[in-house]
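Novice: Let me give you the structure first, and then I'll get to my questions.
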Amino acid sequence: MPDYIKFVESIKQKTGIDLAAYKEAQMKRRLTSLYEKKGYKNFVEFFNALDHDRDLLNEFLDRMTINVSEFYRNGKRWEVLQNKIFPKLLAENKRLKIWSAACSTGEEPYTTAMVLSNYLPLSQISVHATDLDENAIHRAKVGIYPERSLAEVPNEIKFKYFEKQGQFYKVEDAIKKTANFKKHNLLKDTYDKNYDLIICRNVMIYFTEEAKDQIYQNFSNSLRSGGILFVGSTEQIFNPGKFGFEIEDTFFYRKK
């Protein structure tokens, strides 16, 4: 049995994470780079080390889950959310149920709260935020970010919701309180129901087509009728009807 296939099986048994759902060439390249940097010769040696070293296992999870994010990423799409999507959703329901799935280090759910604060007081905003990586969730809860993470943040938002601390920026506590963080595996765990808005951006590109179909169907099942799925700028759904969606705007899909 090739050592990568054995590695995939062993990781699934140990962590519940199915690497076979990720694009193999990308994942093998990323993980080979990591184990070579750590001085291991192959995936067998690497798994034996992961099995006994919690810090190495956490570093593996970080590398696997690709925690690259920033506030207001692809800013024009957030303008659509603010000016078109939220007014429609709020006309139907004043207490929105929102999920930021694969939220990485928290930039996305916090941006969501900042945008929604144009319509509601922060005390009425709640964003369910999940990720597979517990390290990323911990960093999200701390809420301190390098300046490059704020490159697309409008100046008035930066002054209103961030506190500069040396070379870093800390999210105001009032924003942090809007996000409820929890570990969640999109490929394995159950999905809650009746969401008004699900945001899942810039993570689907790493999954196989079969895994994408499974996740999109799960998202559809989790949205109420008329609810919206907001995806990343490289993740257009070419057959939205297959999952019960219709196009609301570019990268926004409404459940029929």
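Novice: Using only Cα atoms, find the angle between the long axis of helix 209-222 and the longest principal axis of the chain, and express it within 0 to 90 degrees, rounded to the nearest 10.
Specialist: Roughly 40 degrees, rounded to the nearest 10.
Novice: Want the number for Q124 to R224: 0.36 nm per residue separation, take away the alpha-carbon distance, what's left?
Specialist: Here the segment from Q124 to R224 would lengthen by 34.0 nm.
Novice: Okay, moving on. If I model a spin label as a point 7 Å beyond the Cα along the Cα-Cβ vector, how far apart are those points for K6 and T190 in nm?
Specialist: With each label point 7 Å from Cα toward Cβ, the separation is 3.7 nm.
Novice: If you don't mind, another one. How far is helix 54-65 tilted off the main Cα axis of the chain, in degrees rounded to 10, range 0 to 90?
Specialist: Helix 54-65 sits at roughly 60 degrees to that axis.
Novice: Cα axis of helix 3-15 to longest principal axis of the chain: angle in degrees, 0 to 90, nearest 10?
Specialist: 60
Novice: Going down the list K177/K212; K141/K182; K14/K177; K141/K255, which pairs span over 22 Å between their C-alpha atoms?
Specialist: K177/K212; K14/K177; K141/K255
Novice: Could you tell me the center-to-center distance, by alpha carbons, between the stretch 125-168 and the stretch 90-105 in angstrom?
Specialist: Comparing the Cα centres of the stretch 125-168 and the stretch 90-105, I get a distance of 17 Å.
Novice: Among Q165, Q236, Q82, which one moves the most in a GNM of the chain with springs linking Cα atoms closer than 10 Å?
Specialist: For the chain, modelled as a Gaussian network with Cα springs under 10 Å, the answer is Q165.
Novice: Right, another one. Excluding residues fewer than 8 places away in the same chain, name every one of the lysines whose C-alpha is closer than 17 Å to that of K38.
Specialist: Within the straight-line limit of under 17 Å, K38 reaches these lysines: K28.
Novice: Collect residues whose amide H, placed 1.01 Å from N in the peptide plane, falls under 5 Å from the amide H of S69; neighbours closer than 5 in sequence don't count.
Specialist: Counting only residues 5 or more places away or on other chains, the set is empty.
Novice: Right, another one. Could you work out how far apart the two model spin labels at Q217 and K158 are, taking each label as a point 7 Å from the Cα in the direction of the beta carbon, and quote it in nm?
Specialist: Once both label points are built, they end up 4.5 nm from each other.
Novice: A further question follows. With both partners inside the chain, how many of the DSSP beta bridges are antiparallel, as a percent to the nearest 5?
Specialist: Antiparallel bridges: around 50 percent, rounded to the nearest 5.
Novice: Mind telling me which of Y145, Y40, Y195 comes out most flexible in a GNM of the chain, alpha-carbon contacts under 10 Å?
Specialist: So, out of Y145, Y40, Y195, the one fluctuating most is Y40.
Novice: Suppose we keep just the alpha-carbon trace of the stretch 1-46; what are its Rg and Dmax in angstrom?
Specialist: Cα-based Rg and Dmax for the stretch 1-46 come out at 10.2, 27 Å.
Novice: Where is the GNM fluctuation largest for the chain (alpha-carbon springs, 10 angstrom cutoff): K193, K97, K160?
Specialist: Highest fluctuation of the listed residues: K160.
Novice: Per-residue HN-Hα couplings for the stretch 138-148, Karplus 6.51 cos²θ - 1.76 cosθ + 1.60 at θ = phi - 60°, whole Hz, x for Gly and Pro?
Specialist: 4, 5, 4, 5, 5, x, 10, 9, x, 4, 5
Novice: Taking only DSSP H segments of four or more residues, each worth -39500 (n - 2.57), what value at 222 nm results for the chain once the sum is divided by all its residues, to the nearest 500 deg cm²/dmol?
Specialist: Computed ellipticity for the chain at 222 nm equals -11500 deg cm²/dmol.
Novice: Would you compute the Debye intensity of the chain from its alpha-carbon atoms alone, equal scatterers and no solvent, and pass along log10 I(q)/I(0) at q = 0.12, 0.13 Å⁻¹ to two decimals?
Specialist: Per q value, in the given order, log10 I(q)/I(0) is -0.74, -0.86.
Novice: Take V44, project a point 7 Å from its Cα along the Cβ direction, then tell me which residues of the stretch 1-16 have their backbone nitrogen under 17 Å from it.
Specialist: Residues 1-11 qualify, since their backbone N sits under 17 Å from the label point.
Novice: At 7 Å along the Cα-to-beta-carbon direction for both A20 and T208, put a label point, then send me their distance in nm to one decimal.
Specialist: That separation, rounded to one decimal, is 0.7 nm.
Read the figures in this text as sums done on the coordinates, not as results from a lab. Bear in mind that the values here come from a model prediction, so they are computed numbers and not experimental data. Every residue, glycine as well, gets a Cβ built from its backbone with ideal geometry; the counts of neighbours run over all protein chains shown.
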